[in-house]
Amino acid sequence: MPRRALELLDAPAPAPANSLLQMQSSPAQWGSPLLFFFLGALLVLVILLILILILWKFVKPADVLKLATRENMRLESTDVFSGNPRTISHFDLQTLKKATNSFHRANLLGKGGFGPVYRGKLEDGRLVAVKKLSLDTSRQGESEFLGEVRTITSIQHRNLVRLLGYCSDGPQRLLVYDYMKNRSLDLVIYGKGDQFLPWSIRFQIIVGIARGLQYLHEDSHFRIVHSDIKASNILLDGKFQPRIGDFGLARFFPEDQTFLSSPFAGTLGYTAPEYAIRGELSEKADIYSFGVLVLEIIGSRKNTDFSLPSEMQYLPDYAWRLCERSRVLDLVDPKMREDGFMEKDILLAIHVAFLCLQPHANLRPPCQRS
């Protein structure tokens with residue numbers, strides 16, 4: 001018989017069950033590091049569960065979620081500002097409150113998709129425009145805020161608004177821009193004031209907008225689609241040079257794609273059909289909006305006006321009908337006709353607008369050609 005088998009036969013009988021229990025509960029076994037680790041982890045878990053129950057009882061779940069969301073927003077904002085290729089200033093909230101007289105209604109310049117915009121005067125005498133995200137901060141609003149910062153700090157052109165700085169204080173999100181003396185284009189061309197723009201100024205505005213779009217689409221380091229070109233987003237400086245603003249909906253565009261599939265987020269009346277219907281966003285959507293804007297500048301009217309006779313209510317359709325009747329000059333603002341204008345230049349501008357308003361995106365020209 002093998003030696004190993006003999007050893008097994010000579011071994012003492014197994015201990016009874018109560019002996020095993022005594023061995024497992026001996027002080028030596030309780031002192032093992034693994035068991036201490038297990039008990040410690042269990043204690044931490046119990047404490048965490050107690051804290052969660054306390055929070056759940058005394059703090060509303062919505063408040064907890066809001067707190068977590070705000071912290072996430074703060075981290076995202078920090079990442080965006082710290083990675084900028086262009087340095088911008090940080091303004092504290094009290095400075096901007098003082099500059100705008102606590103965001104007094106008298107300083108309200110307008111209200112866009114992002115939120116209200118206020119006129120402000122800094123301590124050094126500079127006039128600024130302060131764009132304020134609504135206090136009831138949403139993820140969508142925060143996304144637009146970060147999107148505008150990412151876009152506007154990565155580009156620079158004479159026909160684009162210039163961002164001076166920002167404020168990110170708790171839930172507050174504000175952007176500080178150069179103040180535009182003549183405010184926005186819609187306030188001038190829709191006849192809300194007594195200001196009249198001669199054709200030379202209107203043509204200058206059209207050309208400036210086209211140059212700004214050309215820079216965004218072709219000449220900047222990034223391919224950018226604004227996606228919300230409209231009269232209220234065109235600001236005018238003291239010499240009526242236009243500057244494209246409100247980049248909250250702008251998108252960086254991959255070089256290898258002809259369009260992005262994106263849910264509609266522009267402004268009805270200015271929107272290209274392929275974007276409004278199928279969600280196909282590209283530079284051609286900006287070109288279409290530019291065509292609508294050119295007709296508005298020529299006619300001093302909104303693209304949609306239900307106070308007019310039915311055939312005149314939607315400006316692009318009305319323009320096409322006038323073209324078919326060889327009466328496109330009927331589009332021209334009556335005041336401008338009285339003032340006198342270069343008919344050849346007007347006809348050229350209308351022709352450009354029609355090219356931009358082609359229903360098929362691939363038939364619209366790039367800004368360089370328009």
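In the structure shown, do any of K132/K302; K131/K239; K111/K344; K239/K344 have a Cα-Cα gap over 29 Å, and if so which? The partial results should precede the final answer.
Details: K132/K302 26 Å; K131/K239 23 Å; K111/K344 37 Å; K239/K344 24 Å.
Result: K111/K344 exceed 29 Å.
As a footprinting exposure proxy, order Y190, Y179 by other Cβ within 10 Å, with the fewest listed first.
With the fewest neighbours first, Y190, Y179 line up as Y190, Y179.
How do H221, H157, H226 rank when sorted from fewest to most other Cβ atoms within 10 Å of their own Cβ? Present the calculation step by step, with values, prior to reporting the outcome.
On the way: H221 8, H157 16, H226 27.
By the 10 Å Cβ count, ascending: H221, H157, H226.
Read-outs throughout are calculated quantities, based only on the coordinates presented, and are distinct from any laboratory measurement. Not measured: the values here are computed from a predicted model. For neighbour counting, all protein chains shown are included, and Cβ atoms are generated from backbone atoms with ideal geometry for every residue, glycine included.
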